[in-house]
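Only one structure is covered here, and it is reproduced in the block below.
Taken together, the values in this text are just the output of simple stated rules run on the coordinates, not laboratory data. All values derive from a computational prediction rather than experimental measurement. When we count neighbours, we look across all protein chains shown, and the Cβ atoms used for this are built from the backbone with ideal geometry, even at glycine.
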Amino acid sequence: MNGIARKAAPTAPETAYLWLREQITALPWDQEAFLSENAIAESAGVSRTPVREALLRLEAVGLLRRVPHKGAYVPALTSQDIRELIEVRRVIGSWAVRKVTAHGLIRREVLDAIIADQAGLLDDPVAFIEADIRFHKAIVHAAGNPTLAGVYDSQRFKQARLGVQAILETRSRVEQVLDEHRAMVDAIASGDPDEAVAASARHLESTRSALREGSTDSLDI
């Protein structure tokens, strides 16, 4: 092979996973879709077993839900869904940022590592948003209230779906997200809870603006 390494062909589960990701991210946030395992397997050119593995991966990150005997379900989102997501992130996110900053509950290098990983995913909207969710989840879970963390985690489907759509509509958003995350980390590391909350609020407002700009309809959020 003249010393040239060849990139390994994707495995069947990876093929199914990538095919499904493409279908989901191409679907507008206000539309729903059902995909059966048989249809996915036929379209992706794989058997049903790797399709099941791909569905589990995508369900874990919140991009779809599996319905017994029906297949994969990608539900439509509404303006109410977006308002609820913003409110949960505002209330729980601000509380978590204030607590971890005031009590030094999270190490800077943990958040820096997630941002570094995210910065390498600029051309992969789904993976970029997965890293985005990990960033915020790390802060919320470090605050030490499993009940609030559970409520926050319950919004991951909305966060993943809307985040991917916002990036697809406004590609400059990825650099903005990274800058806003870095500003949050700087504020948390400073030990000033008020500044950390302010940085978190600026990030959330920027996110809300991106969702409005990326929508073809008027969003009351």
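Quick one: angle between helix 108-119 and the longest Cα principal axis of the chain, in degrees between 0 and 90, rounded to 10, please. Helix 108-119 sits roughly 40 degrees off the main axis of the chain. Between Asp153 and Gln80, the FRET efficiency estimated from the beta carbon spacing at R0 = 22 angstrom works out to 0.65. If the segment from Ala189 to Asp117 were pulled out straight at 0.36 nm per residue, it would be longer than the present Cα-Cα gap by 24.0 nm. In terms of other Cβ atoms within 10 Å, Asp194, Asp153 run from fewest to most in the order Asp194, Asp153. One chain, two ends: Ser47 and Glu175. Fully extended at 0.36 nm per residue, the span grows by 42.3 nm beyond their Cα-Cα distance. Computed from the C-beta positions of Arg202 and Lys70 and an R0 of 35 Å, the FRET efficiency is 0.25 to the nearest 0.05.
Take 108-115, 155-162, 206-213 and order them by the average number of nearby Cβ atoms within 10 Å per residue, most first; the result is 155-162, 206-213, 108-115. Going through (i) -0.25, -0.60, -1.57; (ii) -0.32, -0.69, -1.30; (iii) -0.24, -0.56, -1.25, the figure that equals log10 I(q)/I(0) by the Debye sum over Cα atoms at q = 0.08, 0.12, 0.18 Å⁻¹ as computed for the structure here is (ii).
Computed from Cα atoms, the angle from the helix 156-169 axis to the main principal axis of the chain rounds to 80 degrees. Helices in the chain, meaning DSSP H runs of at least 4 residues, each add -39500 (n - 2.57). Divided by all residues, the mean residue ellipticity at 222 nm is -22500 deg cm²/dmol. Ignoring aspartates and glutamates fewer than eight residues from Lys158 along the same chain, the ones with Cα atoms less than 16 angstrom from its Cα are Asp30, Glu32, Glu59, Asp81, Glu84, Glu87, Glu130, Asp132.
Which FRET efficiency, nearest 0.05, do Ala39 and Glu109 yield, Cβ-Cβ r, R0 35 Å? Calculated transfer efficiency: 0.20. Here the peptides 47-60, 24-37 are ranked by packing, the mean other Cβ count within 10 Å, and the order with the highest first is 47-60, 24-37.
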